[in-house]
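So the structure is just underneath, and the comments pick up after that.
No value in this document is a laboratory result; all are computed from the given coordinates. Keep in mind that this is a model prediction, so the values were computed, not measured. Please note: Cβ atoms are built from the backbone with ideal geometry, for glycine as well, and neighbour counts cover all protein chains shown.
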There are 2 protein chains.
Amino acid sequence: MTTATTTRRIGVNGVPKAATIADVAARAGVSVPTVSRVLTGAARVSPGKRELVEQAIAELNFRPSAAARLLVSRRPQVVAVIAGDTSRYGYAETIRGVEEAARAEGYTVMITVVESPDEEEIDRAISATLSQPLAGVVVLKFDPAGVAALAHIPRDLPVVALSGIRDASIPQAVLDETRAAEEITEYLLGLGHETVHHVRIPPSRREDGRTTGWRRALRRHGASIPEPSDATWEPKSGQAIGIALAADPTVTAVFCGNDEIAMGVIRGLVDSGKRVPDDVSVVGFDNHPLAELWTPPLTTVEQDFAGMGGRGFRLLLDEIEGTLGRRYSSERPRMIIRSSAGPR
Amino acid sequence: MTTATTTRRIGVNGVPKAATIADVAARAGVSVPTVSRVLTGAARVSPGKRELVEQAIAELNFRPSAAARLLVSRRPQVVAVIAGDTSRYGYAETIRGVEEAARAEGYTVMITVVESPDEEEIDRAISATLSQPLAGVVVLKFDPAGVAALAHIPRDLPVVALSGIRDASIPQAVLDETRAAEEITEYLLGLGHETVHHVRIPPSRREDGRTTGWRRALRRHGASIPEPSDATWEPKSGQAIGIALAADPTVTAVFCGNDEIAMGVIRGLVDSGKRVPDDVSVVGFDNHPLAELWTPPLTTVEQDFAGMGGRGFRLLLDEIEGTLGRRYSSERPRMIIRSSAGPR
DNA sequence: GTGAAAGCGCTAACAA
DNA sequence: TTGTTAGCGCTTTCAC
């Protein structure tokens, strides 16, 4: 009879070795499969033995080996999210939405950031992730890196893309930015502005939906189409653009690629002596949490990034489980009128 | 002799079954370990066989089973990050720092959010993560949920905590907020303000370092210690507090728990007809990316969250690899003087 | 209800 | 350099 001490198994180099299911079985005086049964609840075990097993588990501080389980049951409960960034508002919220939906279904989320669309860089970043046991992958294709990453996912792994514009044939959750950009541009035109200038954020491909929608609205209304300015992701880059825009008297309305850039643009405009919206109207995109607190409060387009993340995960889950489901989910962002835009 | 067609193995229910190392070996006409050798590069293989193996791998579209590898080589390359939130500035940046450092070392990051300090909630959130093969865990203990989560990590798993104040005996990377809060409060006092009011963000425990530092500075200077106001994480909650503060004529300087709250407070103050900094000085904490673009540009304390994340990961890596290293890393945030605070 | 035996897909040890 | 033999720690038949 073994004594009831909680001696740990000692590994080769003195490192305590984790208890295995066999140790538990031995201590409880039952067979290995019986321990497995109480662990998984797959089959019934008599109350007496169950009790013994549970006690042994507690005494040995036993935790089943995830790797062994995975090998035999082959149902990874992890999805990888591949993104070009994690901390910017849109990305962070999207990831939050994926994580929340995943957690609700018992899945865990793995994050991989691909910083550049460079092939080698992508390979390095992604291979570490793809060598994990994965149930599926969510790709945020808001930028070139994300788009490029998509091509590197093995075709036998369930995948879903999240973006602002529909394109490929893979399952996708989108936030229809094109329509929304069209709407807000038309709103500005309706206010009496002859045309609307545009400051774009780094596009994911040749042209983003935000820019396309803006262009489309101007064209439909027969307005002239000014050359867009290019901002980086840094809000500060908007400031320099605002200063430049202030020097151009034809600028009376500006549609910015996102709220943070709009804030920078307003700062630059105001620094140059312009009043917003009296002299120049400025609108943003995304409805950043600080948009309503800005001076003046920003007219913008609300984007439910977290919602898109959740829809994306659910699409992925359908693929993983082989459920017949929709392979596409789109939502139309809605305009929020505050006071950074006014009549000409 | 087998034909060179790329027939897929068919599983029980018609689902294509992934190729195994044995399939590759058979197709290449070599033994299983030889395939393993070219896969891992652990031992030399003759160019001829290597070529055959590589060809077979390509033809079969073979990817090694992560689960099997994990089981036998027992070196998980994944660290879990447990956080109370993922999208707020400080959290998002910290996670970004962990991810970046991890990626550089070939590790992948898993995210788990614990929304409340409720025991059951934590258990559910965490157990999915802990049942994965993990090399270690990084806990962000910026809030009660994070603090509570720490208690649920098995003691045999390497852990590191990230926070704004030193406490426990586990390895920890911190941003010394107490000292920084003291410094910025003193700065305000030095400007001639009789005392400094304080708006705090939800604390991780009884009292945060930011509040402690503020209190300490006031005490040392013999200033009266006003009752702090409590904000939520929402910037907008600062607005209501700003309005309340505007009604109190003794308020001439306000130290806010973070920049987003400071922005809300300023908005509320301005809405109530106060000028910042002429009537009331307001300072924040964190140096949020929008702080310098705010009206007026915010005086604040720069916190290198990403840096802390990186330091934390490296501490964890030392534990994982059993390297003798420091178990504690602290950094002093530095004050950034802009124009939201001025003389009394 | 329970145990014996088989096997998941890979790497590590050992011979040859 | 290469193949044979053993496992890794679990779950899953299949008898009893």
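Normalised by the number of residues in chain B, the mean separation of alpha-carbon contacts (under 8 Å, six or more apart) gives a relative contact order of 16 percent. Between helix A:119-130 and chain A there is an angle of about 40 degrees, using the helix long axis and the longest principal axis of the Cα atoms. For chain B, the longest principal axis of the Cα atoms and the long axis of helix B:47-60 meet at an angle of about 70 degrees. Exposure proxy for B:LYS49, B:LYS17: other Cβ atoms within 10 Å of each Cβ, ordered fewest to most, give B:LYS17, B:LYS49.
Among B:THR20, B:THR252, the order by Cβ neighbours within 10 angstrom, fewest to most, reads B:THR20, B:THR252. Please find the FRET efficiency linking A:GLU105 to A:ARG334, where r is the Cβ-Cβ separation and R0 is fixed at 30 Å, and quote it to the nearest 0.05. Approximately 0.60, to the nearest 0.05. Dividing the helix sum by the residues of chain B, where each DSSP H run of 4 or more adds -39500 (n - 2.57), gives a mean residue ellipticity at 222 nm of -12500 deg cm²/dmol. Note on chain B: GNM, Cα springs under 10 Å; of B:ALA161, B:ALA19, B:ALA246, the largest mean-square fluctuation is that of B:ALA19.
Placing a label point 7 Å from Cα along the Cα-to-Cβ direction at A:GLU234 gives distances to the equivalent points in the other copies of 3.3 nm, listed shortest first. Cross-link check: pairs A:LYS17/B:LYS141; A:LYS274/B:LYS274; A:LYS236/B:LYS236; A:LYS141/A:LYS274; B:LYS236/B:LYS274; A:LYS236/A:LYS274 evaluated at a Cα-Cα cut-off of 26 Å; pairs beyond the cut-off: A:LYS17/B:LYS141; A:LYS141/A:LYS274. Between the listed residues A:THR232, A:LEU293, A:VAL265, the Cα displaced farthest toward the positive end of the dipole of the stretch A:177-303, a dipole computed from Cβ unit charges relative to the Cα centre, is found at A:THR232. Among B:GLY312, B:ALA28, B:LEU188, pick out the residue whose Cα is farthest towards the positive end of the charge dipole of the protein assembly as shown, where Lys and Arg carry +1 and Asp and Glu carry -1 on C-beta, about the Cα centre. Comparing the listed Cα positions along the dipole, B:ALA28 ranks first. Springs between Cα atoms under 10 Å define the GNM used for chain B, and in it the highest mean-square fluctuation of B:GLY307, B:GLY257, B:GLY222 occurs at B:GLY222.
Computed from Cα positions, the angle between helix B:235-246 and the longest principal axis of chain B comes to roughly 10 degrees.
Were the residues from B:SER73 through B:THR40 laid out at 0.36 nm apart, the gain over their Cα-Cα distance would be 10.7 nm.
Taking Lys and Arg as +1 and Asp and Glu as -1, the other residues whose beta-carbon sits under 14 Å from that of B:LEU191 total -3. Overall, the protein assembly as shown carries a charge dipole of about 2540 debye about its Cα centre when +1 sits on the Cβ of Lys and Arg and -1 on the Cβ of Asp and Glu, all other atoms neutral.
How would the stretch B:177-303 be classified by its alpha-carbon gyration tensor: rounded, prolate or oblate, with rounded meaning a/c under 1.5 and the a/b versus b/c comparison settling the rest? Verdict is rounded for the stretch B:177-303. Summing Lys, Arg as +1 and Asp, Glu as -1, what charge do residues with Cβ under 15 Å from the Cβ of B:GLY307 carry, B:GLY307 excluded? Net local charge, B:GLY307 excluded: -4. Determine the sum of side-chain charges near A:GLU207: Lys and Arg each +1, Asp and Glu each -1, restricted to other residues whose C-beta is under 10 angstrom from that of A:GLU207. Around A:GLU207, the charge tally is +4. Choose one answer from A:GLU54, A:GLU319, A:GLU260: the residue with the largest mean-square fluctuation in a GNM of chain A with alpha-carbon springs under 10 Å. Sorting by GNM fluctuation, first place goes to A:GLU54.
Between the listed residues B:LEU52, B:PRO76, B:PRO64, the Cα displaced farthest toward the positive end of the dipole of the stretch B:50-89, a dipole computed from Cβ unit charges relative to the Cα centre, is found at B:PRO76. For the stretch A:302-344, the Cβ-based charge dipole about the Cα centre amounts to some 360 debye (Lys, Arg positive; Asp, Glu negative; other atoms uncharged). Contact order for the stretch A:191-311, expressed relative to its length and based on alpha carbon pairs under 8 Å spaced 6+ residues apart, stands at 23 percent.
Between the amide H of B:SER229 and those of B:HIS198, B:VAL199, B:ARG200, distances stay under 5 Å, these residues lying 5 or more places away or on another chain, with hydrogens modeled in the peptide plane.
Label-to-label distances for B:PRO47 across copies, nearest first, come out at 7.3 nm, using points 7 Å from Cα in the beta-carbon direction. In this structure, B:ARG220 and B:ARG166 have a Cβ-Cβ separation that, at R0 = 22 Å, corresponds to a calculated FRET efficiency of about 0.60. Per-residue Cβ neighbour counts within 10 Å put B:VAL280, B:VAL30 in the sequence B:VAL30, B:VAL280, beginning with the fewest.
In the assembly of identical copies, B:VAL32 has its label point, taken 7 Å from Cα in the direction of the beta carbon, separated from the corresponding points by 1.6 nm (ascending, one decimal). The distance between label points at A:ALA58 and B:ARG344 comes to 6.3 nm (points 7 Å beyond Cα on the Cα→Cβ vector). Computed from the Cβ-Cβ distance with R0 of 45 Å, the FRET efficiency linking A:VAL32 to A:ARG205 stands at 0.25. What you get for the stretch A:134-252, charging only the Cβ of Lys and Arg (+1) and of Asp and Glu (-1), is a dipole of about 260 debye around the Cα centre.
So what's the gap between the Cα centers of the stretch B:151-230 and the stretch A:254-313, to the nearest angstrom? About 33 Å separates the Cα centre of the stretch B:151-230 from the one of the stretch A:254-313.
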